[in-house]
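Taking it in order: structure first as structure tokens, then the write-up.
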Amino acid sequence: MDDKKIIKIHNKSDKPDNIVFKENVLIERCIKVENKLPKFMKDYFIYLKGSVATSTRLAYLEDIHFFCVYLTETKDVTSADKPFDITLDDFKKIKARDINLFLGDYCSRYYKHTEKNTLIFENNSRALARKKSSLSTLFKFLYRNDQLDNNITDGFNPIKLPKPQPDAIKRLEIDEVAKMLDAVDTGYGLTDKEKVYWRKTRLRDKAILALFVTYGLRLNELRELNISSFNFSRGEFKIYRKRGKEVLMPINHTCESVVKDYILNERPQSELLKEEYKDTLFLSLQNKRMDPKAIRQLVKKYTSISMETSRESGYSPHKLRATAATSLIQSGFSIYDVQNLLDHDNVTTTQLYAAHKKNVKRDIVNNFEWIDEDEKNEIEDLNI
């Protein structure tokens, strides 16, 4: 008998079925990891469920499972062979030094041996910092929950993260955006093989790129769009941000035009599609919701043409998010307006893009004159 069950969504919320399904997939993955971890962590699982986004919850659980596997392999504090069998008494033996050795020595470079290969894994400072954060939340919770006698997290070694530099932010210049949109319009720069697909997806690809560079959408925000997300009579469309936040976005003339053009002139009619894809906006050639890999490849292809570089050197969708931010700021919008549009938690993130505004000091000074032009001429006449 097949163990796979068909999941049917009984949705009474305002969220579309694809968003509910996506969240359910993450929840199921969380539960699967939880079932591999020790039972004494159950209270912590409940805490995570109510305090962080589902994607963050999954990341924390996977980091903790990775740590528990490490404990079973090293046998320094436990004799358990599987993470599930680790006891609370085992955890009480763990000192800050053990965590520091795990993060600083083991995680920075570790090996996995298979029958055919030895795989080498490395973690950069950002990955190590996230693992440290995952373990910190666990040990702090167990201490607050009276399961551990001491809070060992104060002894965790700091992990210095490189400070983001504005000059390191990769994005398209405004003229390169124009070249990119021209390429998707005309097929310029595409190989003969690429043009075969371009003729079938030109309007779709143009709509995708226009939405990316106008709104700085995240990949999944764009991927999960439906036809019903758009209310053209009100001039707005709905997206679902991280943490399930629902946001209404005004739609400008350019984006309304390209989205309508795609829906009316290229996208297959909904009655010809399977039920689960009838409302999906951006479809693959197989008439399914586009997968993230396909969207990344699409963006890399057209950005590489605009920058006159190889396909491998093309930009990711996140670089188009940076392009939207810098373009808006260069057009005169405040960093707080751009922060709101892009959903940055902290305005300091948006400020990095503001550093790309050219001649900002000259613009400020030239538009802040204390003496008007007539007075300036009078002073010059007196000095003759």
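Rule-based calculations on the coordinates, nothing more; no lab input. Small disclaimer: the values here were computed from a predicted structure and weren't measured. As a convention, Cβ positions derive from the backbone with ideal geometry for all residues, glycine included, and neighbour counts pool all protein chains shown.
Tell me the label-point distance for the pair Lys260, Ser316, using the 7 Å Cα-to-Cβ offset, in nm and rounded to one decimal.
3.5 nm
Per q in 0.16 1/Å, what log10 I(q)/I(0) does a Debye calculation on the alpha-carbon atoms of the stretch 31-79 return?
-0.46
Hey, can you rank 187-199, 84-96 by average C-beta count inside 10 Å, highest first?
With the highest mean Cβ count within 10 Å placed first, the list reads 84-96, 187-199.
Given Cα pairs under 8 Å that are at least 6 residues apart, what percent is the relative contact order of the stretch 168-364?
26 percent
Mind checking the dipole of the stretch 168-364: about its Cα centre, +1 per Lys or Arg Cβ, -1 per Asp or Glu Cβ, Debye to the nearest 20?
Dipole about the Cα centre, nearest 20: 440 debye.
When only alpha-carbon atoms count, how far does the stretch 201-242 stretch along each of its three principal axes, as whole angstroms with the largest first?
Principal-axis extents of the stretch 201-242 (Cα, largest first): 26, 25, 17 Å.
Volume per residue, Å³, of the convex hull around the alpha-carbon atoms of the stretch 168-364?
Measuring per residue, one finds 133 Å³ for the Cα hull of the stretch 168-364.
Would you mind listing how long the stretch 17-156 runs along its three principal axes, going by Cα atoms, in whole Å with the largest first?
Sorted from largest, the Cα extents of the stretch 17-156 read 46, 45, 29 Å.
Using alpha-carbon pairs under 8 Å, 6+ residues apart, how would you state the relative contact order of the stretch 212-302 in percent?
27 percent
Taking 25 Å as R0, compute the FRET efficiency from the Cβ-Cβ separation of Glu73 and Lys42 and round it to 0.05.
0.55
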